[in-house]
Amino acid sequence: MRLPRPFPVLGAGFLALALLPFLAAELEAQAPAPLSEGTRSLSFGIDGSGSSEAGIWMFLSDRANVGLLGTLDWTSEDRGGPRSDRSQFTLGLGPRIKWYMPQTPRVAPFWFGGLGFTHTRRSEEDEEDRTSRGLNLDGGFGVDWFPVDQISLGGWTGLRLSNGRAENDDTTTRLRTLTTGLRVHIYF
């Protein structure tokens, strides 16, 4: 019986997967991640609602990383017909903290918490613009992965408690039980 030509490639792939746990420990021991006091980073990301974010971070210790994040969200739609043009623009700013748990040099799990202040402006055709301000309280769990020493790719999930107040004193309080996001850090 003759095996098809791709078999040696697949066999080598399965062998590499079988050896990966043994090789990964050796590779990780050679290149530690930059999780140390005084290290700074810039971050860029997106959360599950589509808002983009950018921030600056600094390690206060080998486990505590604090940052200041700014967020931006803009939507616009034209559905045709009367009162069809709508847009919304939201800016946010607030502090964050990550508390890293014991980790391997390439994978760093963390708990996080944060506070966010938002300002939103809504426009609708033939109506007066409306503004509102909000306060968000975030908390949850995430993981940073270091494919190279000075860059990490991370994801997180958690809860968000939001309180928004419009110009006419209408108040909205909301608990989001699942928030997610992805973030890239560049360390220096």
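The values are calculated or read from the model by the stated rules, or taken from the named source; none is laboratory data. This structure is a prediction, so every number in the text was calculated from the model and none was measured. Ideal geometry is used to build each Cβ from the backbone, glycine not excepted, and the neighbour counts take in all protein chains shown.
Mind checking whether some residue in the stretch 84-94 is closer than 24 Å to residue 174 by Cβ, in contact with a strand residue (DSSP E or B) (Cβ under 7 Å, 6 or more places away or on another chain) and not in a strand (DSSP E or B)? No - not one qualifying residue is present in the stretch 84-94. Within the stretch 45-72, residues that are within 20 Å of residue 134 (Cβ to Cβ) and in contact (Cβ under 8 Å) with a residue 24 or more places away in the chain have Cβ atoms under 8 Å from residues that are assigned to a loop (DSSP other than H, G, I, E, B) and among the small types (Gly, Ala, Ser) in these pairs: 71/51, counting only partners at least 6 apart in sequence or on another chain.
Only residues that are under 30 Å from residue 166 (Cα atoms) and either touching a helix residue (DSSP H, G or I) at 6+ places or on another chain (Cβ under 6 Å) or surrounded by 17 or more Cβ atoms within 10 Å (Cβ to Cβ) (or both) were counted in the stretch 125-146, giving 5. Condition first: assigned to a strand (DSSP E or B) and farther than 25 Å from residue 73 by Cβ. Can you find one or more residues in the stretch 126-139 that meet it? No, that holds for no residue.
For the stretch 84-102, the condition holds for at least one residue, the condition being that it is in contact with a Pro (Cβ under 6 Å, 6 or more places away or on another chain) and not charged (D, E, K, R).
Of all residues in the stretch 99-124, which are in contact (Cβ under 8 Å) with a residue 60 or more places away in the chain, crowded, with 16+ Cβ neighbours inside 10 Å and either polar (S, T, N, Q) or assigned to a loop (DSSP other than H, G, I, E, B) (or both)? 103, 105, 106 - these are the residues of the stretch 99-124 that are in contact (Cβ under 8 Å) with a residue 60 or more places away in the chain, crowded, with 16+ Cβ neighbours inside 10 Å and either polar (S, T, N, Q) or assigned to a loop (DSSP other than H, G, I, E, B) (or both). If you go through the stretch 36-79 and keep only what is in a strand (DSSP E or B), more than 22 Å from residue 105 (Cβ to Cβ) and in contact with an Asp or Glu (Cβ under 6 Å, 6 or more places away or on another chain), you end up with 45, 69, 71, 78.
Assessment of the stretch 31-53 against the conditions (under 26 Å from the mean Cα position of the chain (by Cα), modelled with pLDDT under 55 and of a type outside the set (Val, Ile, Thr)) yields at least one matching residue. I'm checking my understanding of the structure. Among residues of the stretch 66-98 that are surrounded by fewer than 15 Cβ atoms within 10 Å (Cβ to Cβ) and of a type in the set (Lys, Arg), which one is nearest to residue 151 (Cα to Cα)? Within the stretch 66-98, the match that is nearest to residue 151 (Cα to Cα) is 79.
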